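These notes concern the structure reproduced below.
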Amino acid sequence: MRLLPGYVAVALATTLTACGEGGIPRVAEPSRLPLQTFLSAHRAPVVHSDGNSHIGADVAAPVGHLRTVAAHGDVGVSHGIIDDGIEAAELIAYLRADALSYRSPDAETGDGDVQLIPDGLVFRFAETPPTVRVVEGTPLESIDETVRVVQAINAALPREWQLRFDPEPLPGNTQALEDGEISVAFASQADWPSEAVPPIAEDIGLAQPRYGIVPTGDPADPFRIAIVSGRIWVDPTQTGGLERLGVIAHELIHLLGRGHVDPARFPETLMVAGGSEEVTPHILHPLDREALLAVYGRLVSTSPPDGLADALGPWSSTSFHVRGDLEIGSEEIAFGAAARNGLSQPWAVGATPNSYLADNAALSGEVRWSGRLLGLTPNAETVAGAARLTVRLPAMSGSLNFSGLERWATGAAPGPAGSGIVWNDGELSYRIAVHGNAFAQTGGDTGHVTGTFYGSAHEGMGGVLVRDDLSAGFGGKR
């Protein structure tokens, strides 16, 4: 697609996407998480809902939908394929509707001499993942909310497109953003700059994308248009709880290229004008997650809607799953991973403890939990091994070790422990620190560990490990 340099300035440079309340329920989100900081942005999301703590994307295989194939000690291992994704036809229909939100007014009215985007476009951010920055003076609670939204979006994106979070806040008087930056500001709409004020007084969020022409490296189509930076405004006086998380996510996804779609046709997405009627504790709906993966995992540039099927390529609605189940007293924890369309996503879930680990008077000294790891490589090879967590009280630090790691062929069901082929050198080791009921790596092997404790009295632990060569859930008991 050939685009003229004037394209951006005439059509898109001042585009604003405003979003009102839209009937989103004001739901208070229960949370035992310490406030998240920029240091937590690369970790997996942790969601507390209905007495449970869920780590990772909302992709867990439902109970009873997989075939039990092995017992690894106390862990029951199940495995199989489930049709739990978005069909290609539905995804293409959504992205085509999304593309129409970018049509030039000239295309509808016939006025003017130039039709800049007569058929719309499926937009992307520019060449590299953006860096999110809050504005100087942002309250810690709002930083926490922004980080949790970044975590939820990153759980849906390919590894090479993970959003970054800059620890240095932007000065409040910053006039121009660097390419690749997204700023997030929380302020009453009355305090927004005049150029940022939307036409509807009830709007509680606003995205201001800045567009640019970027080179493609393709001689036949040397330039394309993309979003190169942007600003987000959120009015915290009009929103809170899960609703505000939904607003932040809605605006951030706008700056990743998604427009508004018809809520009657696509009711289960954040990207409807005014916001979704329901914000789940996981923030993103399946359609939101799949669209992010499709645009950043399959489409190589901003795309016209008529070529979407070819650009998307083979797209499957089925997922390959491995799941582990472990009893911890009268309760259970589950963990595993799901792979679909080139992305493996780990998860773990169990009952939220009644107190922080440091407040459990029944525990002292060195406390140990042991169990299993179950995950998938990028080639959908199942990997399993022993998991052992040691925490020193009251220092709230310790180690997480995985040993006897073995793999089975792509698509093959894992057999009994010891029946696979050694994965890498068979071991991984991490130093960890505990904050509240959450723990994360502070050193050791490559990869990111996000974990939490499970059971009313911390009888269990679980979490996820994300590496370039492995996405795995793990769990264990005292």
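For GLU381, all conditions in the list (1) among the acidic types (Asp, Glu); (2) closer than 22 Å to SER78 by Cα; (3) touching an Asp or Glu at 6+ places or on another chain (Cβ under 8 Å) hold save one; what is the number of the exception?
Of everything listed in (1) among the acidic types (Asp, Glu); (2) closer than 22 Å to SER78 by Cα; (3) touching an Asp or Glu at 6+ places or on another chain (Cβ under 8 Å), GLU381 misses just condition (3).
Residue-by-condition table, conditions (1) closer than 23 Å to VAL197 by Cβ; (2) small (Gly, Ala, Ser):
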| site | (1), (2) |
| --- | --- |
| TRP233 | yes, no |
| GLN238 | yes, no |
| GLU251 | yes, no |
| GLY259 | yes, yes |
| VAL272 | yes, no |
| HIS282 | no, no |
| ARG289 | no, no |
| LEU293 | no, no |
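Under 6 Å between Cβ atoms, which residue pairs at least 6 apart in sequence (or on different chains) link something in region 427-440 that is of a type in the set (Phe, Trp, Tyr) with a partner that is surrounded by fewer than 21 Cβ atoms within 10 Å (Cβ to Cβ)?
Here the result reads TYR430/GLY444, each pair linking region 427-440 to a residue that is surrounded by fewer than 21 Cβ atoms within 10 Å (Cβ to Cβ).
Among the candidates ARG368, ARG372, which residue alone is under 23 Å from ILE333 (Cβ atoms) and within 26 Å of the chain's Cα centre (by Cα)?
Sole residue among the options that is under 23 Å from ILE333 (Cβ atoms) and within 26 Å of the chain's Cα centre (by Cα): ARG372.
For LEU292, indicate whether it is within 27 Å of THR131 (Cα to Cα), surrounded by fewer than 20 Cβ atoms within 10 Å (Cβ to Cβ) and hydrophobic (A, V, I, L, M, F, W, C).
No.
For GLY205, state whether it is surrounded by 19 or more Cβ atoms within 10 Å (Cβ to Cβ) and either within 25 Å of LEU293 (Cα to Cα) or not aliphatic (A, V, I, L, M) (or both).
Criteria met by GLY205.
What's the total number of residues in region 401-421 that are touching a residue at least 60 places away in the same chain (Cβ under 8 Å) and either touching a Lys or Arg at 6+ places or on another chain (Cβ under 7 Å) or surrounded by 14 or more Cβ atoms within 10 Å (Cβ to Cβ) (or both)?
Here the count works out to 5.
Of all the residues that make up region 147-183, how many are surrounded by 14 or more Cβ atoms within 10 Å (Cβ to Cβ), assigned to a loop (DSSP other than H, G, I, E, B) and aliphatic (A, V, I, L, M)?
5
Just to be sure, is ALA291 among the hydrophobic types (A, V, I, L, M, F, W, C), within 30 Å of TYR102 (Cβ to Cβ) and either without any contact (Cβ under 8 Å) to a residue 40 or more places away in the chain or in a helix (DSSP H, G or I) (or both)?
yes
Search region 309-339 for residues being outside any strand (DSSP E or B) and either hydroxyl-bearing (Ser, Thr, Tyr) or in contact with a strand residue (DSSP E or B) (Cβ under 7 Å, 6 or more places away or on another chain) (or both), and hand back the single one that is nearest to GLU87 (Cα to Cα).
Within region 309-339, the match that is nearest to GLU87 (Cα to Cα) is SER317.
Taking the residues in region 208-261 that are of a type in the set (Phe, Trp, Tyr) and surrounded by fewer than 23 Cβ atoms within 10 Å (Cβ to Cβ) as candidates, determine which candidate is nearest to LEU177 (Cα to Cα).
TYR211
Quick grid of which residues meet (1) in contact with a Phe, Trp or Tyr (Cβ under 6 Å, 6 or more places away or on another chain); (2) part of a helix (DSSP H, G or I); (3) under 19 Å from THR146 (Cα atoms):
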site	(1), (2), (3)
GLU243	no, yes, yes
ILE248	no, yes, yes
GLU251	no, yes, yes
HIS254	no, yes, yes
GLY257	yes, no, yes
ARG265	no, no, no
LEU270	no, no, yes
THR280	no, no, yes
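No lab work stands behind these numbers, since they all come straight from the coordinates. Remember, it's a predicted structure, so these values are computed and weren't measured experimentally. Methodologically, a virtual Cβ is constructed for each residue, glycine included, from the backbone with ideal geometry; neighbour enumeration extends over all protein chains shown.
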